[in-house]
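Please treat every number below as a calculation from the coordinates, not as lab data. In this text, all values refer to a predicted model and were calculated from it rather than measured experimentally. All Cβ positions, even for glycine, are placed from backbone atoms using ideal geometry, and neighbour counts span all protein chains on display.
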Amino acid sequence: MSTSAAWRPIGHVLVESGAISQDELELALAEQRRSGRRLGEVLIDSGRITWLTLANAIAEQATDMEPAPAPEPEPPTPVAAVARVVTPVEPPVSALPPVTVVAPSVPATTDPSGRLETVEAMLKERQRAFLELVSVTERLRANVSRLQQQLEERDAEIMKLRSRANATVPAA
C-alpha cells in the first residue's frame, strides 16, 4: 500500500471530524497563503481549534498512513492432502515400490524492498509529525511564558495604582 494514497491533508481531517467547517478551512488556507504560517497555527491563533484538537487530527492523519494488515497466510496444506501415489498402469518391470510425489509448498511472496520503503515512508512522516508537535509545544511554552510575564507586569501596575489611590484618599 502506498502511504501517499491514504494521506489526507490536516484541513480535511479537521473538517471531516467536525472541528471546523469548510468555510473556516478556506479562510484559514487563504490566511496561510498570505502569511506563510502553518495551517494549524492559523487555526489555533484564530481560536477555531485548540492545540489538543490539532494533536488529535495529526494523530488521526498518521494513523491513516499505517499500512493495512497483511492477509492471514493460509495454513500449510497437510502432506497427506498433496501426496499421491503414482502407480503405473502396467505391472512393474522391476520390483520398485510406487513413487510418492509431494507438491512443494510455495511461500506467499512479499516484496521486502517495497514493504521496507513503505515502513520508511511511514517513519519519516511520523518523525515529521513528531518534530512539528515538538515545535508547536515549544512555541506554546514561549507564548505561555510571555503571557505570564505580561500578567506579572500588569499585576505590578495594578498594585501601584491601588497604592496611589489609597494614599490620596483621606481617612474618614
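Extending 7 Å from the Cα toward the beta-carbon at both Ala30 and Lys124 defines two label points whose distance is 3.5 nm. Once the Cα-Cα distance is subtracted from the 0.36 nm per residue extended length, the Trp51 to Leu161 segment shows a gain of 36.0 nm. Shown is the FRET efficiency for Thr168 and Ser21, computed with R0 = 41 Å from the Cβ-Cβ distance and rounded to the nearest 0.05: 0.15.
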